[in-house]
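Coordinate-derived values only; no laboratory data. Being a predicted model, the structure only gives us computed values, none of them experimental. Using ideal geometry, Cβ is built from the backbone for each residue, glycine included, and neighbour counts are taken over all protein chains shown.
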Amino acid sequence: MRIGVLTGGGDCPGLNAVIRGIVRRGVSDYGFSFVGFRDGWKGPLEGVTMPLDIDAVRGILPRGGTILGSSRTNPLKVDGGIKTIEKNLSDLGIDALIAIGGEDTLGVATVLHEYGISVVGVPKTIDNDLSGTDYTFGFDTAVMIATEAIDRLHTTAESHHRVLICEVMGRHAGWIALHSGMAGGANGILIPEVPFDLNEVVGWVESRFRSHYSPILVVSEGALPKNGDLITKDATLDAFGHVKLSGIGEWLAGQIETRTGKEARTTVLGHVQRGGTPTAFDRVLATRFGLNAVTAAMDQDWGKMVALQGTDIVRVPLAVATGALKTVPLARYAEATAFFG
Ligand code: F6P
C-alpha cells in the first residue's frame, strides 16, 4: 500500500514522533511506501509532496514542529476541492491518507471518508479538545511549558507585591488553563466553559494579598466575563471560521488595577506553548498513535481515529471525534476552585 501522510492546523510537539512511528512500522512490518504531503491539506489539494522514508524520519523523535509543514488550508472551502484531492491521490498512486490534526483537519478527513476516500486520523492539538480520546499529544508539553512559566511568575510577583496574570491558549476549551493552573498553584483559573464574575476574581486577589502573598491568575484565551463578550485580537477569521483569540489577560489586568489599586501585569504565553521538544509523555503517546494509525491502515479500518482511552490505544469513528468539542466538565473545574483566593 502507498500512503500519503499530512499534518494540518496549528503545529504541536510530537508531530514528528507520530510521523516516525507511522513510517517505521509501515515500512518494516507491512512493506508500505509513503508520500509526505506538504503543509496540511494544501499538499493533497495542490499535489505538493516530499519523500517520506526511513531516512527522512531518522533523528526526528525529539524535534518540535513538523517535517511536513502545516497550514490551515480548508479544501472544503475550495471549489471542487474534494474532487481535486481525489484526482491528485490517484495521479500519485496513493491508496490511502493518514491525517494528523485537530478538529479542523480531522473534520475534513471525516468528510473525505464519507466521500469514499480511505483515511485514518491521528488526534493532535495542544488544546486537548478532541472527543473520543482522553488526551491528544502536545497537550502535556504545553501544560509543562505553562507550568514552568507560572512557577517563575510566582517569584517575581512576590518581589513586587503585584498581581500577575498568565494568559494561555486553548481556544474554546480550558484544559491548558485548568491543568497548568492546578500544577502551578494559581489563585484563580478562568476558563471559557465557566464565564467569570469579576467581583469574585477581585475578591480572590484581595484575599491573597491579605495573607501576604501575591496573586497569580491563569486565564484561558477564550475565557469571558459573565454578561461580557469574547475578546479577540482582530476581526479576521481563518479558513475554518475561527477568530484569533487573545487580549483577555490585558483586559483583566486593567480591571483589577482599577478595582484594587494594586499593580497587575499580564504575560501572554502564545506560541511558546506549541514550540520545541515534546515531553516524554507526548513522545510515547505520539509514537503509539503513529504505530497504531498505520496498523489501522493495514486493517483497512477507514474512517477511524486512533485514541487514548485509559492506557489503551483504541479506534473511534472520525465522526464521533469531530462531532463535538471535548470541553472541561464542571466537576473538574469545581475541584480546582478549592485553591482560589
Ligand atoms: O488550536 C491550537 C491553537 O494553538 C489554539 O490554542 C490557538 O487559539 C490557535 O491554535 C492559534 O493559532 P494560530 O496558529 O493561527 O496562531
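In Å³ and rounded to a whole number, note down the convex hull volume per residue for the Cα atoms of the range 1-89. Show your work: numbers first, answer last.
Details: hull volume 6.8 nm³, N = 89.
It comes to 76 Å³ per residue, whole-number rounded.
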Next item on the list: Specify the angular offset, from 0 to 90 degrees and rounded to the nearest 10, of the alpha carbon long axis of helix 198-210 from the longest principal axis of the alpha carbons in the chain.
Entry: 60 degrees
Notebook entry, point to check: What nm value, rounded to one decimal, do you get for the distance between Thr236 and Thr84 when each label is placed 7 Å out toward the C-beta?
Noted result: 2.0 nm
Note to self: Show me, bin by bin at 5 Å from 0, the whole-percent P(r) of the range 219-283 based on Cα pairs.
What the structure shows: 3, 14, 17, 20, 17, 13, 9, 5, 2, 0
Next item on the list: Would you order Ile117, Ile98 from fewest to most other beta-carbon atoms within 10 Å of each residue's own beta-carbon?
Entry: Ile117, Ile98
Check: Under the rule of -39500 (n - 2.57) per DSSP H run of 4 or more residues, summed and divided by the residues of the chain, what mean residue ellipticity at 222 nm is obtained, to the nearest 500 deg cm²/dmol?
Finding: -12000 deg cm²/dmol
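Which of the trypsin sites (Lys or Arg not before Pro) found in the range 37-144 are in a DSSP loop and have at most 15 neighbouring Cβ atoms, other than their own, within 10 Å?
Working: sites: Arg38, Lys42, Arg58, Arg63, Arg72, Lys77, Lys83, Lys87, Lys124; in loops: Arg38, Arg58, Arg63, Arg72.
For trypsin sites (Lys or Arg not before Pro) across the range 37-144 that sit outside H, G, I, E and B with at most 15 neighbouring Cβ atoms in 10 Å, the list reads Arg58.
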Next item on the list: Please list the non-local residues whose amide H lies under 5 Å from the amide H of Phe196, H modeled 1.01 Å from N, same-chain partners needing a gap of 5 or more.
Entry: Leu224, Lys226
Next item on the list: Go through the range 187-193 residue by residue and turn each phi into a ³J(HN,Hα) via Karplus (6.51, -1.76, 1.60, θ = phi - 60°); whole Hz please, and just put x for glycine and proline.
Entry: 8, x, 10, 10, 10, x, 5
Next item on the list: For Val268, list long-range residues whose amide hydrogen, built 1.01 Å from N in the peptide plane, is under 5 Å from its own amide hydrogen.
Entry: Glu167
Next item on the list: Principal axes first, then extents: for the Cα atoms of the chain, list largest minus smallest coordinate on each axis, whole Å, largest first.
Entry: 68, 39, 31
Next item on the list: Compute the long axis of helix 15-30 from its Cα atoms, compare it with the longest principal axis of the Cα atoms of the chain, and write down the angle in degrees, 0 to 90, nearest 10.
Entry: 30 degrees
Notebook entry, point to check: What angle do you read, to the nearest 10 degrees and between 0 and 90, between the alpha-carbon axis of helix 248-260 and the longest principal axis of the chain?
Noted result: 10 degrees
Next item on the list: For the range 86-102, just list the computed ³J(HN,Hα) in residue order, Karplus coefficients 6.51, -1.76 and 1.60, θ = phi - 60°, integers in Hz, with x standing in for Gly and Pro.
Entry: 4, 5, 4, 4, 5, 4, 8, x, 9, 8, 7, 10, 10, 9, 10, x, x
Check: Separation of the range 264-294 and the range 108-131 by C-alpha centroid, Å?
Finding: 19 Å
Margin query: Testing the spin-label approximation: label points 7 Å from Cα along Cα→Cβ at Leu92 and Thr258. State their distance in nm.
Written below: 5.3 nm
Next item on the list: Just give me a number: lysine pairs in the chain, eight or more positions apart or cross-chain, with C-alpha atoms less than 25 Å apart.
Entry: 25
Note to self: Can you give me the long-range amide H partners of Val119? Hydrogens built in the peptide plane at 1.01 Å from N, cutoff under 5 Å, separation of 5 or more residues or another chain.
What the structure shows: Leu97, Gly303
Checklist line | D (Stokes-Einstein, µm²/s), Kirkwood Cα radius, the range 141-275, 1.306 mPa s at 10 °C | finding: 108 µm²/s
Notebook entry, point to check: Mind listing the phi-derived Karplus ³J(HN,Hα) values for the range 290-305, rounded to whole Hz, using 6.51, -1.76 and 1.60 with θ = phi - 60°, and x for any glycine or proline?
Noted result: x, 4, 6, 5, 6, 5, 4, 5, 4, 7, 6, 8, 6, x, 10, 10
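To the nearest 0.05, how large is the calculated FRET efficiency for Arg210 and Ala324 if R₀ is 56 Å and r is the Cβ-Cβ distance? The partial results should precede the final answer.
Numbers: r = 42 Å, r/R0 = 0.75.
Using R0 = 56 Å, I get an efficiency of 0.85.
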Next item on the list: Using every pair of alpha-carbon atoms in the range 77-203, split the distances into 5 Å bins beginning at 0 and state the percent of pairs per bin, rounded to integers.
Entry: 2, 9, 15, 15, 13, 10, 9, 8, 6, 5, 4, 2, 1
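Beyond 14 Å, what share of the Cα-Cα pairs of the range 186-255 is found? Please give it as a whole percent. It would help to have the intermediate numbers written out before the result.
Values: 1483 of 2415 pairs.
Result for the distance tail: 61 percent.
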